[in-house]
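Coordinate-derived values only; no laboratory data. Please read these numbers as outputs of a predicted model, since none were measured by experiment. All Cβ positions, even for glycine, are placed from backbone atoms using ideal geometry, and neighbour counts span all protein chains on display.
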Amino acid sequence: MVEGRVVAAPDDGSLGPLLRLADDRLAPGEGYGRHAHRAVDVVAVVLAGSLRHAWGDGAVLSAGDVAVLRAGEGLDHDEIAGDDGARVLQAYLRPTGPAAPPSHVVHRAVSGWVDLARPDARLWVGPAGEDVPDGPLTVDGGDRVVVWRTSNDRPDWAGF
């Protein structure tokens, strides 16, 4: 069973490229179900447990890992929790290359800033404490804190 909570879903472009931020908990062996993505970048931060990405090389992610999925022209995939379940913070962003081929990059055991290879969004993951940077979106993930910084530039479609 997937239990999720939407942390942010601005429909006015106020968070630049960020479309949705969800805090999901998956029971052991549970997944989201095979589903399609197209023209979106999905950044998954594993806060606890483990998660197998059922696409590409089938990467297994552990707590502290960050995966960057660029759906580009489209793909079908699933994410399935390991024997210990999973808590995953997933961010959906407007794509940097909507017509590009799909790709999946995993950053292991992150502590600090993650290179998302895009100029309009930054992600910091690390332990709670005095060195946590400021950001408009900060999520307490227990042992880890996740901070999002996004461009203040509003997209063309945004309401003003």
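Brief remarks follow.
- Dipole in debye (nearest 20) - the chain, about Cα centre, beta carbon charges: Lys, Arg +1; Asp, Glu -1: 240 debye
- Amide hydrogen proximity for L75: with H placed 1.01 Å from N in the peptide plane, the residues at 5 or more positions away or on another chain lying under 5 Å are H37.
- GNM top mover of A44, A91, A117 - the chain, alpha-carbon springs below 10 Å: A117
- Note on D78 and D115: their simple-model spin labels are 3.4 nm apart, each label 7 Å out from Cα toward Cβ.
- In this structure, the amide hydrogen of Y32, modeled 1.01 Å from its nitrogen in the peptide plane, lies closer than 5 angstrom to those of E79, counting only residues at least 5 positions away or on a different chain.
- Descending Cα extents along the principal axes, region 1-77, whole Å: 36, 27, 22
- Taking label points 7 Å from Cα along the Cα-to-Cβ direction, D57 and H35 give a separation of 2.6 nm.
- In order through region 94-107: 3J(HN,Hα) via Karplus (6.51 cos²θ - 1.76 cosθ + 1.60), integer Hz, x for Gly, Pro: 4, x, 7, x, x, 9, 6, x, x, 8, 9, 10, 10, 9
- Other-chain or far-sequence residues with amide H under 5 Å of V7's (modelled H): L21, A22, D23
- Rh by Kirkwood over Cα pairs, then Stokes-Einstein D for the chain at 0.890 mPa s and 25 °C, µm²/s: 155 µm²/s
- Dipole of the chain, positive end: most advanced residue of W113, P102, G135 [Cβ charges, Cα centre]: P102
- Every Cα-Cα pair of region 95-140 was included, and the share exceeding 14 Å stands at 60 percent.
- Distance between region 111-145 and region 51-66 - C-alpha centres, whole angstrom: 20 Å
- Modelled label reach - V132, point 7 Å along Cα→Cβ, region 11-27 residues with backbone N closer than 20 Å: 21-25
- Residues W113, W148, arranged from fewest to most other Cβ atoms within 10 angstrom of their Cβ, appear as W113, W148.
- Residue among V2, L75, L93 farthest towards the positive dipole end of region 2-110, charges placed on Cβ: L93
- Here the Karplus curve 6.51 cos²θ - 1.76 cosθ + 1.60, taken at θ = phi - 60°, turns the phi angles of region 34-46 into couplings of 4, 8, 9, 10, 8, 6, 8, 9, 10, 10, 10, 10, 7 Hz, with x standing for Gly and Pro.
- Peptides 103-109, 22-28, 127-133 ordered by packing proxy, namely the average of other Cβ atoms within 10 Å per residue, highest first: 22-28, 103-109, 127-133.
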